[in-house]
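Report on the following structure.
The values are calculated or read from the model by the stated rules, or taken from the named source; none is laboratory data. Keep in mind it's a predicted model, so treat the numbers as computed, not measured. Note that we place each Cβ from the backbone using ideal geometry, even for glycine, and neighbour counts take in every protein chain shown.
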C-alpha cells in the first residue's frame, strides 16, 4: 500500500507536466475566407445612334378665342359642344336688325351726299363760264370750288361709314378662323354680349398638326446649334427627327421633327425650350397632355455600351466596379451617354476590353479580391428600343 502511493504521485505529476506543456504551444490558425463570386461581362462595342429622352407637353398649333366684337343679343349657337368645326363655319350669330338699319342709313346718307356733289360740280361749271366773262368775282369762284371739295370729302366719309356698317354687320356672324375642336359655349343665346368688352363665347383649338414642348440642357442646345449649320439658318426639320408616345402607348409611334429652339438658355435652370411638330391626322395626339419624346442623336462609331444594372451612383456621380487582371475590384468613374436598345453608352472611363461587374455588386468592394465568373450578354435582357 505504501509502495502504491509514491507511484500514483509520480503519475499525476507527469500528467500535469504534459498539460502545461501542451497549453504553451501555438494556437491553430483559421482558414482565410474564399473571395466572393461575382458575375462579370465585357462591354459591347458597335456603332450606335444615341437616343435622347425628354418629357414634354403637347399643345395645339393653333388656338383661337371667339369673342363678340359688336354689342347685341346673342341669337344662336350653331354647334354642339366639343365638335369638330371647319374653317369659316358660322358658330354664333348676333341679332342683325340694328346693324342692317345702320347700313341702310349710311347708304342713304351717301346718296344724299352724291346729290350735293352733283349740284356743287354744276355750280362750279357755271362759275367757270362766268369767270371767262368776269361776271363773278374771284372770291365767289373760290367759294364754289370749296363747296365742291367739301361735298366730295363728305362723300368719302359716307363711303367709310358704309364700310364700317358693313363690317359691324359681318361681325354678327361669328365664324371659326381655323379648323379644329370647339369648346363648350361660354354664353347661351338670349344674353347681351359685347357690352363694354369683347365677350368670350368659345375657344377653338387646332388638332392637326400638334406641338410638343420640352426642355433640353445646355449641351443639347449646343449640339442642335452646331448641327443646324454655322449660320443657324437651316431648319431643324432638315436634320432632326423626333418621336413621341402618349400615355398608354409604346415604341414611340408618332414621328415628327424639331422645328423650334428658344433664342436663349434660361440662366436659372440651364435649359432651353425646344418644340417638335407632329402630324395628327388620326387625332391620337391631344393637347395639354404630358408625353415622352425620343430624339435620335449623332451616330457614334465603335461605341462602348454596358448594362444599366452595373451602374452605381454616389455623391461624386456615376461609377462601375471593374475587375482588374489580378481579380481585384476597382471603382471606376464613368461619363455616360444616352440609352440605346437597353444599353447605356459609356463616353469615358471604361475600355472595351475591361471586365465590369454585372451581378454580385453587393458582395464586392474596391480593393478586395473577387472570383469573377464570365458570362456573355443575354439577348433577353435587351430592352425594347426607346424604353427609358
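Here are the numbers for the structure shown:
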item	result
Criterion (within 18 Å of residue 44 (Cα to Cα) and surrounded by 17 or more Cβ atoms within 10 Å (Cβ to Cβ)) met by exactly one of 297, 337	337
Residue within segment 98-111 that is in contact (Cβ under 8 Å) with a residue 12 or more places away in the chain, more than 60 Å from the chain's Cα centre (by Cα) and on the phi < 0 side of the Ramachandran plot present	no
Test: residue in segment 121-134 that is at negative phi and in a loop (DSSP other than H, G, I, E, B)	yes
Residues being out of contact with any helix residue (DSSP H, G or I) (no Cβ under 9 Å at 6 or more places or on another chain) and over 11 Å from residue 213 (Cβ atoms) - total across segment 258-284	13
Single unsatisfied condition, residue 283 versus (1) without any contact (Cβ under 8 Å) to a residue 40 or more places away in the chain; (2) outside any strand (DSSP E or B)	(1)
Tally of residues being closer than 15 Å to residue 311 by Cβ and either touching a helix residue (DSSP H, G or I) at 6+ places or on another chain (Cβ under 9 Å) or crowded, with 17+ Cβ neighbours inside 10 Å (or both) across segment 361-376	2
Check on residue 285, touching a strand residue (DSSP E or B) at 6+ places or on another chain (Cβ under 7 Å) and under 20 Å from residue 371 (Cα atoms)	no
All strands (runs of 3 or more DSSP E) inside segment 286-355 with 3 or more residues being under 30 Å from residue 59 (Cβ atoms) and within 32 Å of the chain's Cα centre (by Cα)	290-307, 335-340
Flag if residue 165 is within 14 Å of residue 100 (Cβ to Cβ) and either without any contact (Cβ under 8 Å) to a residue 24 or more places away in the chain or assigned to a helix (DSSP H, G or I) (or both)	yes
Given (1) loosely packed, with under 14 Cβ neighbours inside 10 Å; (2) free of Cβ contacts under 8 Å to residues at least 24 places away in the same chain, number of the condition residue 136 does not satisfy	(1)
Candidate set: segment 235-257, residues that are in contact with a helix residue (DSSP H, G or I) (Cβ under 9 Å, 6 or more places away or on another chain) and either at pLDDT below 90 or more than 20 Å from residue 60 (Cα to Cα) (or both); chosen: the one surrounded by the fewest Cβ atoms within 10 Å (Cβ to Cβ)	239
For residue 214: the one exception among (1) more than 27 Å from the chain's Cα centre (by Cα); (2) in contact (Cβ under 8 Å) with a residue 40 or more places away in the chain; (3) outside the structural domain of residue 78 (by TED's automatic domain parsing)	(1)
Output for segment 174-211, where each listed residue is under 30 Å from residue 51 (Cα atoms) and without any contact (Cβ under 8 Å) to a residue 12 or more places away in the chain	none
Segment 316-325, residues that are in contact with a strand residue (DSSP E or B) (Cβ under 8 Å, 6 or more places away or on another chain) and free of Cβ contacts under 8 Å to residues at least 40 places away in the same chain	316, 317, 318, 319, 320, 322, 324
